[in-house]
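First comes the structure, then the notes that go with it.
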Amino acid sequence: MRRPYIPLALCAAAAIAVAQERVKPKSAADFPKTIEAASKAWTAGHYGRCLDNLRTAIGLVSNKRAEAIRAALPGAPAGFEVVPERKTDATANPYLSGVTAMVGSNVTRKYRETDGRASMNVSVTSDSPMIGMFSTYAANPALLGPDAELIKYGSHTAVLRKEGGGKQHTLQLLIEGKHMCETKLRGRDDEFLLKVWNQAAVDKLAAALMN
């Protein structure tokens with residue numbers, strides 16, 4: 001008996017039809033469930049799965065903490081605006097979660113003058129062991145140099161520095177000896193910078209970092 005002829009295109013179409021599957025978007029990770037999954041993996045001796053879940057959990061906490069820090073940063077001063085930035089999801093990058101656990105997290109914000117060229121960049125580094133070195137440095141005014149000034153905010157300490165012949169001012173704020181907020185200002189003087197980082201602004205950021 002002669003076998004019926006089936007065009008190759010129809011075979012391919014049938015194969016594609018069988019293989020077709022709609023992939024649902026991956027649901028957002030949930031912290032309690034992630035911790036529970038890590039605990040179950042630990043009990044079962046699945047240490048690789050346990051680590052994966054712990055990294056995801058660290059990423060979730062890092063995202064929430066970054067949101068709290070951003071919310072505590074000063075708003076744009078008069079005549080300035082906040083530059084939109086691309087947010088990083090720490091849960092999407094296991095390597096980033098691991099780095100955060102070892103060297104701390106970093107949150108940045110840029111401000112620019114709406115009708116001029118002045119700018120201000122803020123960088124907040126939290127829970128980094130490297131900050132301890134600055135703590136020792138800031139505790140000794142003799143090491144600051146002629147273009148630096150020590151500023152006290154209650155229990156917090158900052159170093160105000162003039163750079164580039166006075167064209168740039170940098171304020172390095174040490175919060176509770178374990179968090180650093182560095183602000184670089186161009187196109188304005190040190191009085192402008194100290195008004196941005198007044199006691200109320202420092203206290204607000206400190207509360208977010210220490211919470």
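The values are calculated or read from the model by the stated rules, or taken from the named source; none is laboratory data. Just so it is clear, the structure is predicted and the values come from calculations on it, not from any experiment. Quick reminder, even Gly has a Cβ in these numbers, built from the backbone with ideal geometry, and neighbours come from all protein chains shown. Please note that ligands, DNA and RNA were not included when accessible areas were found on the heavy atoms of the full protein model with its side chains. Shrake-Rupley method; radii C 1.70, N 1.55, O 1.52, S 1.80 Å.
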### Task
Hey, could you check segment 16-32 for residues that are hydrophobic (A, V, I, L, M, F, W, C) and open to solvent by 100 Å² or more (accessible area, probe 1.4 Å) and say which is modelled with the lowest pLDDT?
I16
### Message
Against the definition (under 30 Å from R117 (Cα atoms) and open to solvent by 60 Å² or more (accessible area, probe 1.4 Å)), how does E85 come out, yes or no?
### Response
yes
#### Entry: Single residue of A158, A207 found to be on the phi < 0 side of the Ramachandran plot, surrounded by 15 or more Cβ atoms within 10 Å (Cβ to Cβ) and within 22 Å of the chain's Cα centre (by Cα)
A158
### Query
Just a yes or no: is a residue in segment 33-43 at pLDDT 95 or above and in a loop (DSSP other than H, G, I, E, B)?
no
### Task
Evaluate segment 190-200: report whether one residue or more is surrounded by 14 or more Cβ atoms within 10 Å (Cβ to Cβ), more than 28 Å from V61 (Cα to Cα), aromatic (F, W, Y) and touching a residue at least 40 places away in the same chain (Cβ under 8 Å).
yes
#### Entry: Residue that is modelled with the highest pLDDT [pool: residues in segment 82-123 that are out of contact with any strand residue (DSSP E or B) (no Cβ under 6 Å at 6 or more places or on another chain) and acidic (D, E)]
D115
